[in-house]
1. Expressed in nm to one decimal, what extension gain is obtained for the pair Lys2 and Leu101 from 0.36 nm per residue of sequence separation less their Cα-Cα distance?
2. Multiply the residue gap between Ser51 and Gln125 by 0.36 nm, knock off their C-alpha separation, and tell me the result in nm, one decimal place.
3. About the Cα centre of region 2-95, how large is the charge dipole given +1 on each Lys and Arg Cβ and -1 on each Asp and Glu Cβ? Please answer in debye to the nearest 20.
4. Relative contact order, percent, of region 183-286 when contacts are C-alpha pairs under 8 Å separated by at least 6 residues?
5. Could you go through region 157-168 in sequence order and give the Karplus-derived ³J(HN,Hα) for each residue, using 6.51 cos²θ - 1.76 cosθ + 1.60 with θ = phi - 60°, rounded to whole Hz, and x for Gly and Pro?
6. What list of ³J(HN,Hα) values in whole Hz, one per residue of region 103-119 in order, does the Karplus curve 6.51 cos²θ - 1.76 cosθ + 1.60 (θ = phi - 60°) give from phi, with Gly and Pro shown as x?
7. If each residue of separation counts as 0.36 nm, what is the full-extension length gain between Ile41 and Arg69 once their alpha-carbon separation is subtracted?
8. For region 1-114, give the share of DSSP beta bridges that are antiparallel, in percent and rounded to the nearest 5; count only bridges with both residues there.
Amino acid sequence: MKIAIMTRNAGLYSHRRLIETAQAAGHEIMGIDYLRCYMNITSQHPELRYSGERLTGFDAVIPRIGASRTFYGLAVLRQFEMMGVWPLNESVAIGRSRDKLRALQLLAREGVGLPVTAFAHDTRQSDEVIKIAGGAPVVIKLLEGTQGIGVVLSETTKSARSVIEAFRGVNANILVQQFIKEAEGTDVRALVIGGKVVAAIQRHGEPGEFRSNLHRGGKATAIKLSSEERSTAVRAARALGLNVAGVDMLQSASGPVVMEVNSSPGLEGIETATGVDVAAHIIEFIEKNRRHGKTQTKGTG
């Protein structure tokens, strides 16, 4: 197979592992900086060009699009799809996962467990929004935030009101969510590939830190999921249409609740903690499932 991997930095652990694993399996794989791509949008012969050359002959594409480059990255991925190249995760599914509000709405529609979440534009409704989320303490999140950035824990109604007004003052869209106190600064990341959980870790935040992201100094240990956690992770990935997903969950008093579904999950933390060769699982999934022009969503939202 000839595989394209859309990445701005092929040297990152996750991308290097995918490249090395694909090559070891006998495939040709090419790292493509998607911001350097440009395209000819035509109904007859859609083209994608990179560094002056046409990109042709690819069987599959692995999108590893940075959150801050979602718009252009998805445009390039859609062009690959128009050319019949099979995507590991489809553009529509990635777009759903990157829109946190849309993702929560889709998960709620499918009955997936979620923290109580409120969303509003008018800051005059801040007290009502805080009340909907269960009252202080609440977690306030930027819709565009990643890796724990733009996430604030407000322990009083007064501080929550101030944070909401500050974010809205700079025209930022936010979610206000129930604080799951019983999680005690830990969460679970389940790695789902093709409708199956292949590895899972529990992440622990630093002392005094309610966020458990590994990028913020959190620690990871391998964990065996309960049947309810496993089912929740699989249903969350399926609800967004993702073949590969990192599903982040908290264990609440009423069961597992999904905090986020990541369409480009990092491999280093979960491979190191569990010893599972996630990259090999991904390449094997591509080998078994890629077909020219085979996409499920057909451009629908």
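1. Numbers: separation 99, 0.36 × 99 = 35.64 nm, distance 3.55 nm.
Full extension from Lys2 to Leu101 adds 32.1 nm.
2. 21.6 nm
3. Working: 10 positive and 8 negative charges, 57 e Å.
Using only the charged Cβ atoms, the result is roughly 280 debye.
4. Details: 205 pairs, mean separation 30.4, N = 104.
That works out to 29 percent.
5. Coupling constants for region 157-168: 4, 4, 5, 4, 4, 5, 5, 4, 5, 5, 5, 5 Hz.
6. Each residue's phi maps through the Karplus curve to give 4, 5, 5, 5, 5, 4, 4, 8, x, 6, x, 9, x, 4, 10, 10, 9 Hz.
7. Values: separation 28, 0.36 × 28 = 10.08 nm, distance 2.00 nm.
The span from Ile41 to Arg69 would gain 8.1 nm if fully extended.
8. On the way: 6 of 17 bridges.
Approximately 35 percent, going by the DSSP bridge assignments.
Laboratory data are not the source of any read-out in this text; all were calculated from the coordinates shown. As the structure is a computational prediction, the values presented were derived from the model and not from experiment. So basically every Cβ, Gly included, is an ideal-geometry build from the backbone, and we count neighbours across all protein chains shown.
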